[in-house]
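Here is the structure we will look at, set down as structure tokens.
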Amino acid sequence: MSPSFLQQLVDRLRQEPRVLAVYVDRGLTAPRTGEVQEITLHLAVEGSFAQAADAWAASLAELVYSGPESHGWTLITPDGTEWRLCFHGPSADFAEEGLQGVFDRRAPSRVREGAQEGASPSPGGAAGQAQTDVAAVAAAFWRDLYRAARAIRAGRALTAHHWLFACGGRMIDLYRLALQPGPSGRGWEGADEVPGMARALEPVREFLSSPLECPAQRRAARRLGEAFEGLVLPLCRRIGATYPMALRTLTFRALEPEPDAAGGGGAAPHPSDATARGRGSGSGSGMNV
């Protein structure tokens, strides 16, 4: 975790008048190392902030990923830390065990009176756009594959299994977008109705299954990443879309075997890293290729 980024993030949230309160949950740490890999911030926000989260996050430095999710927004920094910003309504009650207040500028009476509202704003416009944008699908794929890689390193095979299947769904999203732009449904659901889908999936069919043993998952994750990159990187180049190269590189590094698993030596660099060199990475959710 980068203390400087945490300070930058908190400072920016304090400066944003539509963010009324921030509470932090640092419950997830990597086994054996004590290293913080995921930090969850709960935000009480005005609805307009959730709708403008994309523009707000774009001004933050040191990011390899920034994008909407059902809980609100997710950021990933170059050190691999995932920052989950969970959006709640203005009167949300954060009297939960394990949550620590960063700041709360609401009057206590306002929290008590609105505690039963239950409504939490969501970045609806940005999230909806993400389903029909090649760059957003590519970024979501590498975000989920990075989560799978992190779970594999922690020996959490079932969690990795979940994220590898999510990556398969992103692959279907990409084919759906390419073969029939704008159809309803996501992932596998309804894919049979997309003309040419079954034929298009045949070259990558073997990469869409997920084993339950971590070593096999590591191999499957690398193959899935290579297959996805082989499809999407040329497409992004052709249409001028942003490709999340920094997050892709971070993911492949996370998929390298642990030093002790490699006989005590460092793992060899991923073969496709050679083609990535010279293209740079930079901050933000990716780079133009």
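The values are calculated or read from the model by the stated rules, or taken from the named source; none is laboratory data. Just so it is clear, the structure is predicted and the values come from calculations on it, not from any experiment. Here Cβ is always computed from backbone atoms with ideal geometry, including for glycine, and neighbour counts include all displayed protein chains. Please note that ligands, DNA and RNA were not included when accessible areas were found on the heavy atoms of the full protein model with its side chains. Shrake-Rupley method; radii C 1.70, N 1.55, O 1.52, S 1.80 Å.
In percent, rounded to a whole number, the relative contact order of the range 3-104 is 31, using alpha-carbon pairs under 8 Å and six or more apart.
Taking amide H atoms as placed 1.01 Å from N in the peptide plane, the amide H of GLN37 lies under 5 Å from those of ALA30, each 5 or more residues away in sequence or on another chain. Give me the log10 of I(q) over I(0) for the range 3-104 at q = 0.12, 0.17, 0.20, 0.24 Å⁻¹, as the Debye formula computes it from C-alpha points; what are the numbers? Results for the range 3-104 at q = 0.12, 0.17, 0.20, 0.24 Å⁻¹ read -0.37, -0.76, -1.06, -1.53. With contacts taken as Cα pairs under 8 Å at a separation of at least 6 residues, the range 134-255 carries a relative contact order of 38 percent.
Can you give me the % of accessible surface on the range 35-87 that is carbon or sulfur? Probe 1.4 Å, all protein chains present, nothing else counted. Ligands and nucleic acids excluded, carbon and sulfur reach 49 percent.
Rolling a 1.4 Å probe over the protein heavy atoms gives the range 3-104 an accessible area of 43 Å² per residue. Taking every DSSP beta bridge that has both ends in the range 3-104, the antiparallel portion is near 75%. The alpha carbons of the range 134-255 give a radius of gyration and a Dmax of 13.9, 40 Å, in that order. Protection proxy ranking of 88-94, 241-247, by the mean of other Cβ atoms within 10 Å over each peptide's residues and highest first, is 241-247, 88-94.
Based on protein heavy atoms only, the range 133-215 ends up with 47 Å² per residue of surface accessible to a 1.4 Å probe. Kirkwood radius, the range 174-222, all distinct C-alpha pairs, inverse of mean reciprocal distance: 12.3 Å.
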